[in-house]
Amino acid sequence: MSCTPPRSPACPRPSRPAVLASLLLTAALLGGTGPASAAYTPGIQWLETARPADVDAALARARQDNKPLFLYWGAQWCPPCQHLRSTLFVREDFRMLAREFIAVHIDGDLPGAQRLGERFRVRGYPSMLLLSPQGEELTRLPGELDAALYVNALRSVLGGSAARSPSRPVRAVLTDALDGRDLPVHEWRQLAWYAWDSDDRVLAPGAARADVLARLARACPAGLRASQTRLLLRAVAAAAQPQRGRLLTDEALREAAGAALLRLLGDGGSAREHMDLVTQEAPLLLQALTAAGSPQRRQLQQVWEQAARRLAGDATLSRTDRLGALQVRVDLAGLDRLRGEADVSAALREEIRQLVAQVAREAGEPAERQSVIPTAARLLADAGLTAEAQALLTAELPRSLAPHFLMGQLARLAQTQGRSAEALRWSRQAWESARGPATRLQWGSSHLGLLIDSSPEDGEAIEQLAGSILAELGRQPDVYHERNVRELARMASRLRTWQAGIADGPARLERLAAALQPVCEQQRAGSPPRRQCEALLAPRPQP
């Protein structure tokens, strides 16, 4: 799961002089002025930057030291990012692994970060890539894995096979696998634990991904059950996305994946190993593999419910992961029901209340709370406990690392209950308190969409808000990249639809096109990005 805009044993710290000396040494080795810091997570020397020159220097150092480069792209407001920060990056075994690579942390809200996101083809927060010393992608790992399993997956790529053979770029591994060549065990794991759902441009474009994954699952040796199962279920998820809610037509794939899924859910260790699939893909996989009302669906739901119960009760899991297991039970309870029908039992609601109260009480670090509280609020709301979700979010605002994210949740809760004025108030506060160009665009665009939905006749207010968002973005350097491009396209689409329904719409759109021009002019005249940007709000010929 990756963050999207609103609509995812402690070790002793070195002394302050030692830290300072280490930072100065790292900066000198990199030969740049970008900050190198252990502040993001103690015990790891992160290069914290959004400057392409600093990343180039880090790659040069990786070649010099013959070490891979670990690139982490995240954002402070992003709950899955803070979950990583509070569970994975603080682990002693991860810190030990960090000695084997150069660690680079890119905050997506720093100027220049979206250009780097485009360069490394990362879309959502968090994204984590491991690059060879030559800059080739060894893997990109999903951020939803249990921290211990993530360390194992990363160690597998870093260490290679038992013979300590060097890890190969993932593209070369994929080519050999599809060509029928024998692969060592660690390379099958490299493919199976690759973050396929966050990759639509590197190994397999979206339309081809399901076929690629199915071919890999068929080629994977039967003895490597964990890798084969993961590839099978990823293939089903990829095939089901375009036709969400419908039965998969490939009967052979459906039968193989269904049998593998039953085995996985029935085994506690396997369910935990593939917890990201168990807790995030339940409705998608169930609807793809079984027909509504069929005995197969009922059986799979029952086994899934039991697996989710075990995970929710596993005190060795993180608080966020335990909440996620309860979320699965809510999702399963609502499957195949009409909207508005009673689906969450009183007993399950009470379990949710108790676990939410426990994790909210026990989570102490700000990073962990930024992961736990939004997750808990969504769980409460989906279970029909909207007032309790609102109370939880409101109480958390004064201590939150990113209150605008919680305000966005409060806006959506109010909107779903038909309280438009309240939703607009929270949405505006979220936009006004957001920080960083990419985040301000995302939350501003979200607020604009809400305003259009609630007051489409208020052309003056809508144009003024859209103009303010565009003017602010135009004052930022080099912003027409990655997430900003996609958000501007969504915003432009909303504005085009809106203006078509009002008398003075074309004139308002023309003025907004002029407000967008400073953003477009950051790109070279005549270049594809420049033409794409200028076309967003340009007048179109009438049919």
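The values are calculated or read from the model by the stated rules, or taken from the named source; none is laboratory data. As the structure is a prediction and not an experimental result, all values here were calculated from the model. A quick note on method: Cβ atoms are made from the backbone with ideal geometry, for glycine too, and the neighbour counts reach across all protein chains shown. To get the accessible areas, we keep the full protein, side chains included, count just its heavy atoms, and leave off ligands, DNA and RNA. Shrake-Rupley method; radii C 1.70, N 1.55, O 1.52, S 1.80 Å.
A few remarks follow.
- 3J(HN,Hα) along the range 85-92, derived from phi through the Karplus expression 6.51 cos²θ - 1.76 cosθ + 1.60 where θ = phi - 60°, amounts to 4, 8, 10, 8, 5, 8, 6, 5 Hz, with x in place of Gly and Pro.
- With the Kirkwood sum run over all distinct C-alpha pairs, the range 60-114 has a hydrodynamic radius of 12.5 Å.
- Filtered GluC sites (Glu not before Pro), the range 391-462: DSSP coil and at most 15 other beta carbons within 10 Å: GLU457
- For the range 256-387: Kirkwood Rh in Å [reciprocal of mean 1/r, alpha carbons]: 15.3 Å
- Computed accessible area, GLU388, all protein chains, 1.4 angstrom probe, square angstrom: 70 Å²
- Where the Cα pairs of the range 322-444 fall when distances are cut into 10 Å bins, in %: 13, 41, 34, 12, 0
- For the chain, alpha-carbon Rg relative to the globular expectation (2.2 N^0.38 Å, N residues): 1.00
- With the convex hull of its Cα atoms as the shape, the range 358-516 has an orientation-averaged projected area of 10.1 nm².
- Between the range 222-240 and the range 409-424, the alpha-carbon center distance in angstrom: 40 Å
- For ASP65, the accessible surface of its heavy atoms amounts to roughly 60 Å² (probe 1.4 Å, protein chains only, rounded to the nearest 10).
- Restricting the calculation to Cα atoms, every distinct pair contributes to the Kirkwood radius of the range 436-543, found to be 13.9 Å.
- Sorted largest first by accessible area at a 1.4 angstrom probe radius, with every protein chain in place, the residues TYR125, TYR40 fall in the order TYR40, TYR125.
- Largest to smallest in accessible area, the residues VAL185, VAL356, VAL303 fall in the order VAL185, VAL303, VAL356 (1.4 Å probe, all protein chains included).
- The fraction of Cα-Cα pairs per 10 angstrom bin, counted from 0 for the range 91-148, comes to 18, 51, 30, 1 percent, rounded to whole percents.
- For ARG298, the accessible surface of its heavy atoms amounts to roughly 120 Å² (probe 1.4 Å, protein chains only, rounded to the nearest 10).
- Antiparallel bridge percentage (DSSP; both residues within the chain; nearest 5): 55 percent
- Cα centroid separation, the range 349-376 to the range 95-130: 28 Å.
- Around the amide H of LEU47, modelled in the peptide plane, lie the amide H atoms of SER37, ALA103, VAL104, HIS105, all under 5 Å away and 5 or more residues distant in sequence or on another chain.
- The range 367-430, relative contact order [Cα under 8 Å, separation at least 6], %: 27 percent
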